[in-house]
Amino acid sequence: MRKKIDVLISIDVDPAPSLNLEDGVRQSVNLLGKYGIKATFFFVANHTSPNMMRLVQEHGHEVGCHGLNHDDQEELHQLSYTKQEKMLSEATILLEKLSGNKIKSFRSPRLKINSDTLQILEKLGYQTDSSLSAQRLDFFSSNLINLKWLIMNRLPYHPDMKKIWKKGSLKILEIPVTAFILPFISTTLRIFGLTFFKIFFWFLYWEAYFTKKPIVYLFHPHEFLYNYTMKFSWELFIPNKSWLIKGAPFRRLFARQLLGPEVYALHDRFFCWLSSKNVHFKTMSEYQLQISLPF
Ligand SMILES: [Zn+2]
């Protein structure tokens, strides 16, 4: 029998002020439950509720941290060590209080970190970070500047203290979000459709088969709640400073053509197909624990 590939499904619970985020979390939990998938939900500390947390924990998923506010000020890679430490400590304390558990896994808002971030996370007791994305070529997102992603390790690794895209002596395990030119995330699924995404998966599957690399997928609960599609406008193409924080808005023209229930149905079909394959679904902590055990 062929060996199983580790698949880590991760859910970034981004703030969505005009939508019922709790409903989005409930739908995510139901969908994962339908296929017996255990996953990691990354919560933004100031945009969560005891109900959301309970839903996730009752179904055996892991609670991770996705920052304090996830707003335009929380550009972690731009902030001083002291400011980052204050934000990350506050977020961790809040989430540990709400969940009643130690928080061990982190994903940065908009995937932006620097070496200070990882050192602070390690000090706060985190065991995994999943904020980098190896070989992702992002022309229009706010990570355009992140050319280090192109040369970094594809396999999970312990980063260097200063050059975090290289292997080093930090204890925290970096588990990159899977990408190969395109990111293996819901936006790609929505733009290119399920057939393309299945082919993409098989390519990643064979890589994982030979290298023992996990496949990390990412989606957001608010995607199941979209109640309008995006209309074309020339204004979307006029560059301004916010592109550096939020990315170029016109890229969403391609991704925002499906309403919430359609995005849910697409994920339903994807997870149904995925769960019939030779894969093992794990949370970030389960994966970390497994690879730190001596063979
Ligand atoms: Zn996010």
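The values are calculated or read from the model by the stated rules, or taken from the named source; none is laboratory data. Values in this document were obtained by computation on a predicted structure and should not be read as measured data. Backbone-built Cβ (ideal geometry, glycine too); neighbour counts: all protein chains shown.
Under the condition of being in a loop (DSSP other than H, G, I, E, B), modelled with pLDDT of 95 or more and within 16 Å of the ligand (Cβ to nearest atom), the residues counted in region 104-130 number 3.
When you check LEU182 against the structure, is it in a strand (DSSP E or B) and over 12 Å from the mean Cα position of the chain (by Cα), yes or no? Taking the combined requirement at face value, the residue satisfies it. When the test is whether a residue is within 16 Å of the ligand (Cβ to nearest atom) and under 24 Å from VAL56 (Cβ atoms), THR187 passes it. When restricted to residues that are away from the ligand (no atom under 15 Å from the Cβ), outside any loop (DSSP other than H, G, I, E, B), at pLDDT below 90 and surrounded by 13 or more Cβ atoms within 10 Å (Cβ to Cβ), region 209-263 contains 6. A search for C-beta distances below 9 Å between a residue of region 243-266 that is basic (Lys, Arg) and any residue that is surrounded by fewer than 17 Cβ atoms within 10 Å (Cβ to Cβ) and modelled with pLDDT of 70 or more, counting only pairs 6+ apart in sequence or on different chains, returns LYS246/ASP72; ARG256/TYR228; ARG256/THR229.
Within region 1-51, restricting attention to residues that are at pLDDT below 95 and in contact with a strand residue (DSSP E or B) (Cβ under 8 Å, 6 or more places away or on another chain), the residue that is nearest to the ligand (Cβ to nearest atom) is ILE5.
Candidates SER28, SER99: the one that is at negative phi and touching a Pro at 6+ places or on another chain (Cβ under 6 Å) is SER28.
Only one entry of PHE197, PHE140 meets the criterion of being at pLDDT below 90 and either touching a Lys or Arg at 6+ places or on another chain (Cβ under 7 Å) or part of a helix (DSSP H, G or I) (or both), and that entry is PHE140. Residues in region 157-179 that are at pLDDT 90 or above and not in a loop (DSSP other than H, G, I, E, B): 5 in all. A search for C-beta distances below 8 Å between a residue of region 30-45 that is in contact (Cβ under 8 Å) with a residue 40 or more places away in the chain and hydroxyl-bearing (Ser, Thr, Tyr) and any residue that is assigned to a helix (DSSP H, G or I) and within 16 Å of the ligand (Cβ to nearest atom), counting only pairs 6+ apart in sequence or on different chains, returns THR40/MET284.
Across region 58-83, the qualifying residues are those that are assigned to a helix (DSSP H, G or I) and over 18 Å from the mean Cα position of the chain (by Cα), and the one among them that is nearest to the ligand (Cβ to nearest atom) is GLN78. Can you work out which of the residues in region 120-130 that are of a type outside the set (D, E, K, R) and in contact with an Asp or Glu (Cβ under 9 Å, 6 or more places away or on another chain) is nearest to SER80 (Cα to Cα)? Per the criteria, the residue is ILE120.
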